[in-house]
There are 2 protein chains.
Amino acid sequence: MQTNNASSRILCPHLRGKIMSAEEAAALIPSGVNVGMSGFTGAGYPKAVPSTLAKRIMDANLHGKKFKIGVWTGASTAPELDGALAMVDGVEMRLPYQSDPTCRKRINAGEMEYIDIHLSHVAQFVWGGFLGKLDVAVVEVAGILEDGRLIPSSSVGNNKTWLDQADKIILEVNAWQNPHLEGMHDIYYGTALPPHRKPIPIVKTDDRIGEPYYRIDPNNVIAVVETNKADRNSPFTPPDANSKLIAGHILDFLQHEVKKGRLPANLLPLQSGVGNVANAVMAGLQDGPFENLTAYTEVLQDGMLDLIKCGKLTCASATSFSLSPAALEELNADLPRFKDSIILRPQEISNHPEVIRRLGVIAMNGLIEADIYGNVNSTHIMGTSIMNGIGGSGDFARNAFISIFMTPSSAKGGSVSCIVPMVSHVDHTEHDVQIIVTEQGLADLRGLAPKQRAKVVIEKCAHPNFRPALREYYDRALRYSPGRHTPHLLDEAYTFLPNWVANQTARAA
Amino acid sequence: MQTNNASSRILCPHLRGKIMSAEEAAALIPSGVNVGMSGFTGAGYPKAVPSTLAKRIMDANLHGKKFKIGVWTGASTAPELDGALAMVDGVEMRLPYQSDPTCRKRINAGEMEYIDIHLSHVAQFVWGGFLGKLDVAVVEVAGILEDGRLIPSSSVGNNKTWLDQADKIILEVNAWQNPHLEGMHDIYYGTALPPHRKPIPIVKTDDRIGEPYYRIDPNNVIAVVETNKADRNSPFTPPDANSKLIAGHILDFLQHEVKKGRLPANLLPLQSGVGNVANAVMAGLQDGPFENLTAYTEVLQDGMLDLIKCGKLTCASATSFSLSPAALEELNADLPRFKDSIILRPQEISNHPEVIRRLGVIAMNGLIEADIYGNVNSTHIMGTSIMNGIGGSGDFARNAFISIFMTPSSAKGGSVSCIVPMVSHVDHTEHDVQIIVTEQGLADLRGLAPKQRAKVVIEKCAHPNFRPALREYYDRALRYSPGRHTPHLLDEAYTFLPNWVANQTARAA
Ligand SMILES: CC(C)(COP(=O)(O)OP(=O)(O)OC[C@H]1O[C@@H](n2cnc3c(N)ncnc32)[C@H](O)[C@@H]1OP(=O)(O)O)[C@@H](O)C(=O)NCCC(=O)NCCS
Ligand SMILES: CC(C)(COP(=O)(O)OP(=O)(O)OC[C@H]1O[C@@H](n2cnc3c(N)ncnc32)[C@H](O)[C@@H]1OP(=O)(O)O)[C@@H](O)C(=O)NCCC(=O)NCCS
């Protein structure tokens, strides 16, 4: 199946009979339904039907008709999906993760409901019937076999669940997707609802436990749409100075742990969020002393690909790619070479607590605020506006062998401290955060009680501009707090937040 | 081994040679060491050495010498252990859970360091070397076999880890413990540090995967002390009116889930915290329509024993007993009859995320405060004073098939609302809380976004006396909040807390 022509990728005669335009397919989605769409961090989302549907919704609106759907995905998607549907106010309920500016704006204006869910929970909630009925699946694939099985595209996410659970399936066959993706995926059909669950038999990152295709009932397919369009990919920005400092602290720490005998010489499987800092850590590992690394992670970004290329990373298991256009070009030019080193799995497996804990992953995730006692906010600005969502960070942090959170010590041009007395929203509790790293240094919170943590976090992680104020808060809390296990002055705990004064004043006015 | 005489329970000749008094044994524990003690919710803790050690510490103090140790346990213990050591200010660092009044007072006065840890994490942190060196183990057992293997007593907790990891072992052989306990335990020796971990082969609550004894190196044993003393047991208070109402709401909910096909007719394995409400739920199940129930839980309390007796509960897996004196008497009188239905496991297995998620446990835990968005505080009063600790509630809540939290809607004689705008400490995030129940009603938060949750929590769970104020907060937050995903007025979020005004005034004075 070596072709850039979508039609020639649809080998199943029955499904060839369902080929239609995006407009015709979008017309099959009525208002009020829940739609499960493919897509994870800008890879493998449907390129045609959602934006066409958005236009239909706009038309309905122009005729005074309400038209909204529930949008369920793997994780974040792209402007053609989240952006387009949010723009026309077409989303009643969005889950489980997003990072789209238009979407975010609607959510924070109170115009769109959003449920932020641990990514490992989504499939089981849907199977359990907790989120209501899934009506339609809109899933991008790289091709269709003669017997109707589907070749996954550049992300897996919740696609298996959507295809199993939806009454009606719309497939987008994207000729842009590399045909060599075939065989890279490991779709596990062994999950079940309790009491029928069995152990998930992954004991090494490169264990394949499933099959390379999605199974479907072809009778559920109501439309097949041909596309030829690239994934959204974010350009890669080379690591900045702060990211390099953060990466340096983490690499020093890992070397120290190896020296102390607390980590094997080739470390343990790495998990890392996306973004500048994550890429800097990967870049650091390229020059570092570690060999035979592995990754059990959610997304495969540029830095990991580089590590595979230079032979330092022997296997990366993920649920999606998240590459810059340049890295993607390189990958696509040479995909068969990477096939032995990359496995894409459903997100309930890439993020499964059972597997993450068994493998003993080293988790590295970003944050918005951390507090002096080690609680982490990954999602909310001012405790009230969502940024993206918790994503898989909870799946990894709670079950990791070592749970690391990393951030620049300040945000918004240095005006806001990312180390605060008390986080305004908690996604990761003090029980789940072992290491906090900023460009200033690394706080190792293992084996420390709250008051001991506070000192280390302030002295190692806070920006010098905010350190005195944090020390002062802590000292006064120690003196005046009603309890001294976790000393706090609750009426002052949030005065560090950006626009604190402005917000209070605006309300008083 | 059917005897109440401790000596005759010590069959290993080598270890018989180590028999000494509690005073002699306590004298072998120097200041500054970390001591791993047995004990879980008042069962199976050492009865003699800790209190004798406390007297030694008091003597040292009277002579102007500092004498403190680190105390690690399974969970909470008893006055003879936590109470005695805290009374003489002999604890440098306490982990992972306590519920002792003297201990709590010291911690909240800032005089004792306390690390509150997910109970499933403790063993792996110790094996990983994250908490420092474990120097001494002081473990109660029910007997010693000829070859030196140990018969566990009424709790398992972290004993396997303490016995494996400590250089020096002190054993207390308690003749009070029922000799028929032999064979009831399932001590799993298959755990390992990554990258050597394998699946934990439990697929049903009654699967036995280990052996009934602890293995030790007899050369590490420095003392064997004979005791004959009952476990601390809390008298059972019959369910009060509120607990019965809460239990009623939960039973209605479970029946509804069965009817909807979202739960099997015999439910899924039950987990429940201890206390009045938990016992009321168990009492409700006795009269309810469910048969062939199972439990995969942390502690086995009176209500579960009653369910076993009446044939409704076929198997309970736990790490400890937590029974009233009356229930204990009944159990002890007829232990062999219960042997097929009860398994006691190490707490890293009773609380293992892998097993809990696989089995699909129905988790029911208590709380101190829940907020309108579904975040739960299980540990802190006024965000600053510890009550007990998170215990296993996080292990169960995060990995449960359905995660239920339950509480009376108000505390302190009705003067304090347990439903608040924003919890003052988060142990369970909005991502981990699906059902909140008070005597007022049950809020099913599955599939609801934050603002939808707020309405349900206020209307279903809050006490009518506090409902108007909560509605008012929410309405004003909706209007004035900087973001409207999770509307909040951060400067007012804590004004619901008890003594809020008193505390602010005290500080201003
Ligand atoms: C937390 C998270 C938002 C950080 O993102 P990042 O790209 O690494 O970090 P950035 O420093 O670029 O911050 C992102 C934004 O938050 C803002 N921000 C960060 N800290 C802030 C703070 N304390 N106060 C206000 N704004 C803050 C930044 O200014 C930036 O906003 P902008 O784009 O408008 O300038 C991101 O890691 C995330 O969404 N995490 C949750 C999901 C997750 O961890 N997934 C990992 C895969 S399992
Ligand atoms: C949360 C927890 C303390 C509730 O305990 P409980 O015995 O069910 O409930 P109670 O209503 O008796 O409350 C316990 C105490 O907290 C106080 N309390 C409860 N809610 C309060 C509130 N909102 N504000 C102030 N005090 C509060 C009660 O007054 C009582 O104090 P008192 O003994 O001084 O009167 C208890 O469940 C716990 O420790 N949980 C964490 C560990 C866990 O969940 N383990 C489960 C096994 S896995």
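Kindly indicate whether any position in region A:234-242 is in a helix (DSSP H, G or I) and out of contact with any Gly (no Cβ under 7 Å at 6 or more places or on another chain).
Looking for residues that are in a helix (DSSP H, G or I) and out of contact with any Gly (no Cβ under 7 Å at 6 or more places or on another chain), one finds at least one in region A:234-242, hence yes.
Going residue by residue through region B:403-423, is there one that turns out to be within 16 Å of ligand 1 (Cβ to nearest atom) and over 13 Å from B:Ala462 (Cβ atoms)?
So far as region B:403-423 goes, no, none of its residues is within 16 Å of ligand 1 (Cβ to nearest atom) and over 13 Å from B:Ala462 (Cβ atoms).
Test each condition in (1) of a type in the set (D, E, K, R); (2) over 30 Å from B:Ile362 (Cβ atoms); (3) surrounded by fewer than 20 Cβ atoms within 10 Å (Cβ to Cβ) for A:Lys47 and report the one that comes out false.
Among (1) of a type in the set (D, E, K, R); (2) over 30 Å from B:Ile362 (Cβ atoms); (3) surrounded by fewer than 20 Cβ atoms within 10 Å (Cβ to Cβ), the lone unmet condition for A:Lys47 is (3).
Applying the selection to region B:420-478, what residues are open to solvent by 20 Å² or more (accessible area, probe 1.4 Å) and among the β-branched types (Val, Ile, Thr)?
B:Val456
Of the conditions (1) more than 30 Å from B:Tyr494 (Cα to Cα); (2) within 15 Å of ligand 2 (Cβ to nearest atom), B:Asp334 fails just one. Which one is it?
The number of the failed condition is (2).
Suppose the filter is away from chain B (no Cβ under 14 Å) and more than 24 Å from A:Asp444 (Cα to Cα); does A:Lys204 pass it?
no
In region A:462-506, how many are within 11 Å of another protein chain (Cβ to nearest Cβ) and farther than 22 Å from B:Gln504 by Cα?
4
Anything in region A:291-317 that is surrounded by fewer than 21 Cβ atoms within 10 Å (Cβ to Cβ) and either within 14 Å of chain B (Cβ to nearest Cβ) or within 16 Å of ligand 2 (Cβ to nearest atom) (or both)? List them, or say none.
A:Asn292, A:Thr314, A:Cys315
Could you check region B:114-135 and list, in sequence order, the residues that are among the hydroxyl-bearing types (Ser, Thr, Tyr) and in contact with an Asp or Glu (Cβ under 9 Å, 6 or more places away or on another chain)?
B:Ser120
If you take just the strands (runs of 3 or more DSSP E) that sit entirely in region B:318-418, which of them hold at least 3 residues that are more than 14 Å from chain A (Cβ to nearest Cβ)?
It comes to B:320-322, B:342-344, B:362-366.
If only one of B:Leu28, B:Leu62, B:Leu11 is among the hydrophobic types (A, V, I, L, M, F, W, C), open to solvent by 20 Å² or more (accessible area, probe 1.4 Å) and more than 25 Å from B:Asn158 (Cα to Cα), which one is it?
Only one candidate passes the filter, namely B:Leu62.
Do you know which residues across region B:195-213 are open to solvent by less than 50 Å² (accessible area, probe 1.4 Å) and in a loop (DSSP other than H, G, I, E, B)?
Residues satisfying the conditions are B:Arg197, B:Pro199, B:Ile200, B:Ile202, B:Val203, B:Thr205, B:Asp207, B:Ile209, B:Gly210, B:Pro212, B:Tyr213.
Within region A:420-450, track down each residue that is of a type in the set (Val, Ile, Thr) and at the interface with another protein chain (Cβ under 8 Å from one of its Cβ atoms).
Correct list: A:Val426, A:Thr429.
Pairs please, first residue from region A:92-111 and touching a residue at least 40 places away in the same chain (Cβ under 8 Å), second anywhere and of a type in the set (Phe, Trp, Tyr) and open to solvent by 10 Å² or more (accessible area, probe 1.4 Å), Cβ atoms under 9 Å, 6+ apart in sequence or on different chains.
Close Cβ pairs satisfying both conditions: A:Pro96/A:Phe125.
Looking at (1) crowded, with 18+ Cβ neighbours inside 10 Å; (2) part of a loop (DSSP other than H, G, I, E, B), can you tell me which one A:Ala192 breaks?
(1)
Working only within region A:190-201, note down all residues that are farther than 25 Å from A:Val299 by Cα and either touching a residue at least 24 places away in the same chain (Cβ under 8 Å) or at the interface with chain B (Cβ under 7 Å from one of its Cβ atoms) (or both).
A:Leu193, A:Pro194, A:Pro195, A:Arg197, A:Lys198
Here is a list: B:Thr52, B:Thr73, B:Thr77. Which entry is touching a Phe, Trp or Tyr at 6+ places or on another chain (Cβ under 6 Å), closer than 25 Å to B:Arg9 by Cβ and either β-branched (Val, Ile, Thr) or within 16 Å of ligand 1 (Cβ to nearest atom) (or both)?
B:Thr77
Has region B:328-343 got at least one residue that is open to solvent by less than 10 Å² (accessible area, probe 1.4 Å) and out of contact with any helix residue (DSSP H, G or I) (no Cβ under 7 Å at 6 or more places or on another chain)?
Yes, the conditions are met somewhere in region B:328-343.
Checking the structure you have, find out if any residue of region B:262-271 is away from every other protein chain (no Cβ under 14 Å), out of contact with any strand residue (DSSP E or B) (no Cβ under 7 Å at 6 or more places or on another chain) and among the basic types (Lys, Arg).
Looking through region B:262-271, none of the residues is away from every other protein chain (no Cβ under 14 Å), out of contact with any strand residue (DSSP E or B) (no Cβ under 7 Å at 6 or more places or on another chain) and among the basic types (Lys, Arg).
The values are calculated or read from the model by the stated rules, or taken from the named source; none is laboratory data. Every value quoted in this text rests on a predicted model; they were computed, and no experiment measured them. As a convention, Cβ positions derive from the backbone with ideal geometry for all residues, glycine included, and neighbour counts pool all protein chains shown. Calculation scope for accessible area: heavy atoms of the full protein, side chains included, ligands and nucleic acids excluded. Shrake-Rupley method; radii C 1.70, N 1.55, O 1.52, S 1.80 Å.
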